[in-house]
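See structure below.
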Amino acid sequence: MKKTIDFTVNNEQKSVQIRSADTLLITLREQLGLTGAKPGCENGDCGACTVLVDDQPMKSCLMLTAETANRSITTIEGLHDTPIQKAFLEHWGFQCGYCTSGFIMNCHALANIHPDANAYEIENWLQSNICRCTGYEEIKEAIMSVLKTKEAGTSG
Ligand code: FES
Ligand code: FES
């Protein structure tokens, strides 16, 4: 049996019909066509499915859509020319790109929640995401450049 829930996705009100067991990842991809959040491990290990729920990074494969009623979801499709997106390009923070949207969502959240994070805290924060192409150094450089920019007060 399906039920209807309302939530906000990328600043737009949405209403979806879901089954109780539907994950947020499935709903975003299959009902809303937002395929930026990727299915990887689908058990909480890889972070490829990371989105923001009320501005906190969440693994959408582990979250039931039913839990997101009346909450605000941001996916990679909702970010436009953010400092972290530009930094990933400038620092070559990706190779095949499969993990990239998850990393960007997680890094975007870090820059907003802990703009003064140090290298150790960044390393810890990024442990929730896995890159099989092993581009970790470039990813760290990208996030560090954004945090430094913020400290200098010049970011957008
Ligand atoms: S697909 Fe969600 S953590 Fe891997
Ligand atoms: S860039 Fe290929 S998995 Fe990360």
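Quick look at the numbers
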item: Unit charges on C-beta of K, R, D, E only; dipole of the chain, Debye; result: 460
item: Estimated [θ] at 222 nm from DSSP helical runs (n ≥ 4, -39500 (n - 2.57)) normalised by residues in the chain, nearest 500; result: -9000 deg cm²/dmol
item: Environment charge at residue 20 (Cβ cut-off 12 Å; Lys +1, Arg +1, Asp -1, Glu -1); result: +1
item: Label-point separation, residue 12 to residue 148 (7 Å along Cα→Cβ), nm; result: 3.8
item: Two-site FRET efficiency, residue 21 against residue 121, from Cβ-Cβ distance with R₀ of 30 Å, rounded to 0.05; result: 0.30
item: Cα-based radius of gyration of segment 38-84 once divided by 2.2 N^0.38 Å, which approximates compact folds; result: 1.17
item: Relative contact order for the chain, counting Cα pairs under 8 Å that sit 6 or more residues apart, in percent; result: 23
item: Cβ-based net charge around residue 10, under 15 Å, with every Lys or Arg adding one and every Asp or Glu removing one; result: -3
item: Karplus 3J(HN,Hα) series, Hz, for segment 24-38 with 6.51 cos²θ - 1.76 cosθ + 1.60 (x for Gly, Pro); result: 4, 4, 5, 5, 4, 6, 8, 9, 9, x, 9, 9, x, 6, 9
item: Accessible area of residue 7 in the full protein assembly, 1.4 Å probe (Å², nearest 10); result: 0
item: Average silhouette area of segment 59-135, convex hull of alpha-carbon atoms, in square nanometres; result: 6.0
item: For the chain, the spread of Cα positions along each principal axis, largest first, Å; result: 51, 31, 23
item: Unit charges at the beta carbon, dipole of segment 69-156: most positive-side option, 142, 83, 69; result: 69
item: Candidate lysines for bridging to residue 59, where Cα separation is under 24 Å - those fewer than 8 sequence places away on the same chain excluded; result: 2, 3, 14, 38, 86, 140
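The values are calculated or read from the model by the stated rules, or taken from the named source; none is laboratory data. Just so you know, these numbers come straight off a predicted model, no measurement behind them. Cβ atoms come from the backbone with ideal geometry, glycine included; neighbour counts cover every protein chain shown. Side chains included, ligands, DNA and RNA excluded: accessible areas come from the protein's heavy atoms. Shrake-Rupley method; radii C 1.70, N 1.55, O 1.52, S 1.80 Å.
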